[in-house]
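Contents: one structure, followed by commentary.
The values are calculated or read from the model by the stated rules, or taken from the named source; none is laboratory data. Please read these numbers as outputs of a predicted model, since none were measured by experiment. Heads up: the accessible areas ignore ligands, DNA and RNA and are worked out on the full protein's heavy atoms, side chains in. Shrake-Rupley method; radii C 1.70, N 1.55, O 1.52, S 1.80 Å.
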Amino acid sequence: VHAAEAAGVDIETHVVSGTAYRRILDYVDSEGVDLVVMGTHGRSGVERFLLGSVTERVVRTSDVPVLTIRHKSEDEA
């Protein structure tokens, strides 16, 4: 948030309840969003399957492009 404000980028925050990926897609539709940017932990295989992935569900079901940004671990930073 602070980095965006320092760069002069307007941001909005919304808190809603429900199934995360569905609520994100509802917001995309209702607000006419043309690009979704989401973070990911870079999990794969069984770990991703067992934990689920909101980002993956949005990527697979969104009608607009989704840009994913992989979170770097402390080892990679």
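Assuming 0.36 nm per residue, please report the length gained on full extension of the stretch ARG60 to ILE11 beyond their Cα-Cα distance.
15.1 nm
For the stretch 26-38, take each phi angle, set θ = phi - 60°, evaluate the Karplus expression 6.51 cos²θ - 1.76 cosθ + 1.60, and give the result in whole Hz per residue in order, putting x for glycine and proline.
4, 5, 4, 5, 6, 9, x, 5, 10, 7, 10, 10, 9
Using a 1.4 angstrom probe with every protein chain in place, what is the largest-first accessible-area order of THR13, THR61, THR40, THR55?
Details: THR13 115, THR61 70, THR40 45, THR55 20 Å².
Descending accessible area places them as THR13, THR61, THR40, THR55.
Scan around HIS41 for amide H atoms under 5 Å from its own, H built in the peptide plane at 1.01 Å from N, and keep only partners 5 or more places away or cross-chain.
Sorted by chain and number, the residues that satisfy this are HIS71.
Based on C-alpha coordinates, I'd like the Rg and Dmax of the stretch 1-44, in Å.
My reading of the Cα-based Rg and Dmax gives 12.9, 35 Å.
What does the extension gain come out to for VAL1 and LEU67, with contour length at 0.36 nm per residue minus their alpha carbon separation?
21.9 nm
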